[in-house]
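Notes follow the structure.
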């Protein structure tokens, strides 16, 4: 995929403002799209949209296909007559500058239960027909997901590893009996998905009408505690009892002496290959109904991945295993009639990863914050960029640019100031200007960097188990001055 010259901002919907404790797909989402359009941007990058589980991470979802019900807008439910004004009178006092996930989720689920109650009593033929059509077209993943979530709810929210044997191992008679006894509960989870996808489809259409493309995200691995692993154990290294035998991670490096033990189940690529990668094709098709371009996370894992025995306490003991490589990407390319993919090619990149990326002309990623620890030959410096790449000041995993600069070594800061010919007083703005002016086809920054925010606004700290993903901006932050500054950058650098 050869990229045209464009710019955009990375912001997950959970970071939008609003009164319900977490950003959602309501009016502020449309105002955000208007801001991007008025500022001359043509790209909006988001994180995975799946239902978040442990740690509230969008990279650890209960499904690779489902949507996150916490992003559903109560205001839009009012418009659909699925809520009344009275339903919002007991809204708790939730923080506006960050997501306090516990209370926010509790409130959202209360609202969604009220909406489901009204839906269940609804006599609207149009609504019921639309709902049934959604359930029919999405049945391939929706039936398993709704059943998985219903069992999880009955079992007190615990991982499926702790479920009774007959449910954990999907005994047909047990699943049938559970479904019969819990029809309403299963339907509730289908309803939440119907509402999410209905609201998101309108957001995507509005963005398209404003000339915006949405860049989504596919994590290479799925969460163990997910409907995907439970319903398709044959596709993963999971034994008869539902326990992983090998898990994902990365080996020790300069940043982590024991490596990173992610714990996600690994794919049985030989089984996927025999099925012509059908599960993966459906996954791509599903995501590409929601977004226009996909950032493929941990791209190097398709060339080779680090396999760790499931009983290891760290990632130190493991081995490199050859990934599905070109055969996999050819199958995806044929099914999609193209590869609208950005390769997340950060980390330990070996020649086989570069060759795999370049043989399909996939754009890679360049992070400007990474550029100043080395020499002028550093590939993250803008004068070394290929045109067909995506450059960022930083991503959701990085500190903000001000936070990065403040905590950097004197050597890094000196090189940065010399390279940009600046004093360092307005570091975030200078880094944004630098990537906008670079030869990279796509230039993307975070809203935090546009707003000149420090470490307090960081979205995620990899390896930190809690306290991530909570940052939100205030409605007043999207000022006319900011829009004009963005518009000027896009004009000056032909974006």
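The values are calculated or read from the model by the stated rules, or taken from the named source; none is laboratory data. Here the structure is a predicted model, which means the values were calculated and not measured. Every residue, glycine among them, receives a Cβ derived from its backbone with ideal geometry; neighbour counts consider all protein chains shown.
Report, by residue number, each residue of segment 385-402 that is more than 23 Å from the chain's Cα centre (by Cα) and surrounded by 14 or more Cβ atoms within 10 Å (Cβ to Cβ). If the condition is that a residue be more than 23 Å from the chain's Cα centre (by Cα) and surrounded by 14 or more Cβ atoms within 10 Å (Cβ to Cβ), then 385, 402 are the ones that fit.
Going by what's in this entry, would residue 67 be described as modelled with pLDDT of 95 or more and on the phi > 0 side of the Ramachandran plot? No: the conditions fail for residue 67.
Just to be sure before I move on: is residue 243 surrounded by fewer than 16 Cβ atoms within 10 Å (Cβ to Cβ) and in contact with a helix residue (DSSP H, G or I) (Cβ under 8 Å, 6 or more places away or on another chain) in the structure I sent? Yes, satisfied.
Residues of segment 23-45 that are surrounded by fewer than 21 Cβ atoms within 10 Å (Cβ to Cβ) and outside any helix (DSSP H, G or I): 40, 42. Residues of segment 349-378 that are touching a strand residue (DSSP E or B) at 6+ places or on another chain (Cβ under 7 Å) and either surrounded by fewer than 19 Cβ atoms within 10 Å (Cβ to Cβ) or on the phi > 0 side of the Ramachandran plot (or both): 352, 367. Residues that are more than 13 Å from the chain's Cα centre (by Cα) and part of a strand (DSSP E or B) within segment 288-307 comprise 304, 305, 306, 307, listed in sequence order. Number of residues in segment 432-461 that are at pLDDT 95 or above and farther than 18 Å from residue 13 by Cα equals 17.
The rows are residues; the columns are (1) crowded, with 22+ Cβ neighbours inside 10 Å; (2) touching a helix residue (DSSP H, G or I) at 6+ places or on another chain (Cβ under 9 Å); (3) without any contact (Cβ under 8 Å) to a residue 60 or more places away in the chain.
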position: 173; (1), (2), (3): no, yes, yes
position: 192; (1), (2), (3): yes, yes, no
position: 256; (1), (2), (3): no, no, no
position: 261; (1), (2), (3): no, no, yes
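State whether one or more residues within segment 200-215 are out of contact with any helix residue (DSSP H, G or I) (no Cβ under 9 Å at 6 or more places or on another chain), closer than 30 Å to residue 293 by Cβ, crowded, with 16+ Cβ neighbours inside 10 Å and modelled with pLDDT of 95 or more. Yes: segment 200-215 contains one or more residues that are out of contact with any helix residue (DSSP H, G or I) (no Cβ under 9 Å at 6 or more places or on another chain), closer than 30 Å to residue 293 by Cβ, crowded, with 16+ Cβ neighbours inside 10 Å and modelled with pLDDT of 95 or more. Residue check: residue 285 meets all listed conditions (1) under 23 Å from the mean Cα position of the chain (by Cα); (2) loosely packed, with under 15 Cβ neighbours inside 10 Å; (3) within 18 Å of residue 270 (Cβ to Cβ) but one, namely (3). Applying the criterion of being loosely packed, with under 14 Cβ neighbours inside 10 Å and either out of contact with any helix residue (DSSP H, G or I) (no Cβ under 7 Å at 6 or more places or on another chain) or within 16 Å of residue 9 (Cα to Cα) (or both) to the residues of segment 462-474, the residue that is modelled with the lowest pLDDT is 463. If you filter segment 310-331 down to residues that are more than 22 Å from residue 351 (Cβ to Cβ) and either touching a strand residue (DSSP E or B) at 6+ places or on another chain (Cβ under 8 Å) or without any contact (Cβ under 8 Å) to a residue 40 or more places away in the chain (or both), you find that the one that is surrounded by the most Cβ atoms within 10 Å (Cβ to Cβ) is 315. Determine, yes or no, whether residue 435 is in contact with a helix residue (DSSP H, G or I) (Cβ under 6 Å, 6 or more places away or on another chain) and surrounded by fewer than 17 Cβ atoms within 10 Å (Cβ to Cβ). For residue 435, the condition - in contact with a helix residue (DSSP H, G or I) (Cβ under 6 Å, 6 or more places away or on another chain) and surrounded by fewer than 17 Cβ atoms within 10 Å (Cβ to Cβ) - is not met.
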